[in-house]
Amino acid sequence: MDAEGTSDVFVKAWIDEAHVKETDTHWRCSTGEASFNYRLLFDLTSPSTTKSEAEAYKLKLQIFDRDLFASNDFICGYEFDLKLLMDDCRLS
């Protein structure tokens, strides 16, 4: 949180680090609970030969507090394993 007790929350998401996407910023969130109704679209293909298959199907999310005059503060992160979903798509 910032000095006045609020957070300016935004999310970074990626499957491939070369294509990081970012949500809009929820300015002055005083409860610490930002609510996102946001869609990020990713192009997915079979894993490339340069990445391990386990790493190719991970959706990574990182949540930050945006700071205008300093570096953004990391709040938390999470990884979703999409391998089973991708396997089901191949079978369809």
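Taking every residue in the stretch 70-92 that is among the β-branched types (Val, Ile, Thr) and pairing it with any residue that is at pLDDT below 85 and assigned to a loop (DSSP other than H, G, I, E, B), at least 6 positions away or on another chain, the pairs with Cβ-Cβ distances below 9 Å are Ile75/Gly32.
Quick one: in the stretch 50-64, of everything that is of a type in the set (Lys, Arg) and part of a strand (DSSP E or B), which residue is modelled with the lowest pLDDT? Even if it seems obvious, please write down each step before you answer.
Within the stretch 50-64, the first condition is being of a type in the set (Lys, Arg), and the residues that meet it are 51, 58, 60.
Keeping just the survivors that are part of a strand (DSSP E or B) gives 58, 60.
Values: Lys58: 89, Lys60: 95.
Selected residue: Lys58.
Taking the criterion of being at pLDDT below 90 and surrounded by 13 or more Cβ atoms within 10 Å (Cβ to Cβ), the residues of the stretch 16-35 that qualify are Asp16, Thr25, His26, Cys29, Ala34. Pairs linking a residue in the stretch 41-64 that is farther than 16 Å from Glu79 by Cα to a residue that is modelled with pLDDT under 80 and surrounded by 15 or more Cβ atoms within 10 Å (Cβ to Cβ), with Cβ atoms under 6 Å and 6 or more positions apart or on different chains, are Pro47/Ala56.
The values are calculated or read from the model by the stated rules, or taken from the named source; none is laboratory data. Bear in mind that the values here come from a model prediction, so they are computed numbers and not experimental data. Backbone-built Cβ (ideal geometry, glycine too); neighbour counts: all protein chains shown.
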